[in-house]
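Working notes, structure below.
The values are calculated or read from the model by the stated rules, or taken from the named source; none is laboratory data. Bear in mind that the values here come from a model prediction, so they are computed numbers and not experimental data. Counting neighbours? That spans all protein chains shown, and the Cβs are built from the backbone with ideal geometry, glycine included. The protein model used for the area step is the full one, side chains on, heavy atoms only, and it has no ligands, DNA or RNA in it. Shrake-Rupley method; radii C 1.70, N 1.55, O 1.52, S 1.80 Å.
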Amino acid sequence: MKTSKKHSITLLALVVVLFCFKAKAQDKADHSVWDQILILNVSEDGKVNYEGVMKDSPLFYQYFRSLSNNPPTEEWTREEKLAYWVNAYNSIAVKMIIDNYPVKNINELHDPWNQKFFRIKDKRYSLDDIEHKILRKFNEPRIHFIINCASSSSPKLMNMAYTAKNINEALEKCTKDFINDPTKNIITEDQVSLSQIFEWYKDDFNNGNVTEFINLYSDVKIQKIPKNGYKEYDWALNEQL
């Protein structure tokens with residue numbers, strides 16, 4: 001009888017532990033819906049079928065609500081938080097487009113960067129809030145190459161959601177791909193013309209040493225950036241034609 005009672009208590013304790021673990025796990029954002037939307041509607045070169053996303057809008061809005069309802073906590077890992085906020089930024093940009101579609105340029109929208117579009121409990125966030133007050137605070141310069149503001153000159157929107165498991169690999173791959181993409185940067189032995197991202201966020205790259213940062217990833221090494229060595233940013237919608 002004593003053994004049976006002890007066994008029952010042990011099982012009960014195990015059930016309680018498993019339940020608490022499961023409840024805690026469910027508190028973390030699930031990015032699988034966003035992953036499926038991206039797989040179905042984003043090409044390998046990062047072009048978006050916005051009309052296709054609109055057809056999947058019930059699922060998309062479900063994902064968007066799940067982000068609002070399951071924000072990061074102190075228990076989340078750095079990778080989990082980073083994946084959450086990058087997915088939030090990218091999905092907000094897409095939602096702003098489909099909510100106002102058709103548009104040719106995100107800047108056609110009313111104050112797109114400062115519009116408090118995303119809500120967590122009683123606090124609202126804009127794209128600028130997420131980028132400057134949250135993502136840049138990670139002190140991770142490569143985040144500039146995985147966030148997408150629905151524009152042709154932006155780093156391409158990957159056709160997968162970011163997770164704690166893939167975020168570090170994605171940061172490295174997307175940075176290298178962006179720097180060596182001739183549609184984003186021209187880096188040859190005879191010419192250097194860089195994305196304005198390197199101009200706008202200069203201090204984020206090796207404390208302002210943009211050349212050194214570029215050379216970590218560029219197939220062609222550069223000595224310096226010319227005075228007028230930045231390309232004009234193309235805000236045209238990153239839409240599949």
The chain: calculated mean residue ellipticity at 222 nm from DSSP helix runs of at least 4, using -39500 (n - 2.57):
-13500 deg cm²/dmol
Given 160, 180, 191, which one lies farthest toward the positive end of the charge dipole of region 135-202, if we put +1 on the Cβ of every Lys and Arg and -1 on the Cβ of every Asp and Glu?
160
Helical segments meeting 20 Å axial Cα length and Kyte-Doolittle -1.0 threshold in the chain (DSSP H)
2-26, 78-100
Net charge of neighbours whose Cβ lies under 15 Å from the Cβ of residue 96, counting Lys and Arg as +1 and Asp and Glu as -1:
-2
Charge dipole (the chain, unit charges on Cβ, about Cα centre) - positive-most of 46, 67, 229
67
Between residue 78 and residue 189, what is the label-to-label distance in nm when each label sits 7 Å out along the Cα-to-Cβ direction?
3.9 nm
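So which GluC sites (Glu not before Pro) in region 191-241 pass both tests, a DSSP loop state and at most 11 other Cβ atoms within 10 Å of the Cβ?
232
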With r defined as the distance between the Cβ atoms of residue 65 and residue 122 and R0 fixed at 25 Å, what FRET efficiency is calculated, to the nearest 0.05?
0.95
Rank these by accessible area, largest first, 1.4 Å probe: 221, 156.
221, 156
Per-residue accessible area, 1.4 Å probe, largest first, puts 119, 65, 142 in the order 65, 119, 142
Using modelled amide H (1.01 Å from N, peptide plane; none on Pro or chain starts), what sits under 5 Å from the amide H of residue 151, excluding residues fewer than 5 places away?
238
With +1 on each Lys and Arg Cβ and -1 on each Asp and Glu Cβ, and nothing else charged, work out how big the dipole of region 144-202 is about its Cα centre, in Debye to the nearest 20.
260 debye
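Grab the Cα-Cα distance for residue 216 and residue 165, subtract it from 0.36 nm times how many residues apart they are, and report the gain in nm with one decimal.
16.0 nm
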Classify region 65-204 from the C-alpha gyration tensor, please: rounded if a/c falls under 1.5, else prolate or oblate depending on whether a/b exceeds b/c.
oblate
What ranking of 78, 124 comes out by heavy-atom accessible area, probe 1.4 Å, highest first?
124, 78
With residue 114 itself left out, Lys, Arg at +1 and Asp, Glu at -1 over residues whose Cβ is under 13 Å from its Cβ give -1
Return the sequence-ordered ³J(HN,Hα) values of region 228-238 in whole Hz as given by the Karplus equation 6.51 cos²θ - 1.76 cosθ + 1.60 applied to θ = phi - 60°, using x for Gly and Pro.
10, x, 10, 7, 5, 6, 9, 8, 4, 4, 7
Would you please name the GluC sites (Glu not before Pro) within region 75-159 that are DSSP coil residues with at most 13 other C-beta atoms within 10 Å of their C-beta?
75
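So how strong a dipole does the chain carry about its Cα centre when Lys and Arg Cβ are +1 and Asp and Glu Cβ are -1, to the nearest 20 debye?
1340 debye
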For residue 183, the accessible surface traced by a 1.4 Å probe with all protein chains present amounts, in square angstrom to the nearest 10, to 100 Å²
So I have (i) 34; (ii) 48; (iii) 39, and one of them is percent of Cα pairs over 25 Å apart calculated from this model. Which one is it?
(ii)
What pairs in 55/173; 116/156; 81/137; 137/184; 95/156 have C-alpha atoms more than 19 Å from each other?
55/173; 116/156; 137/184
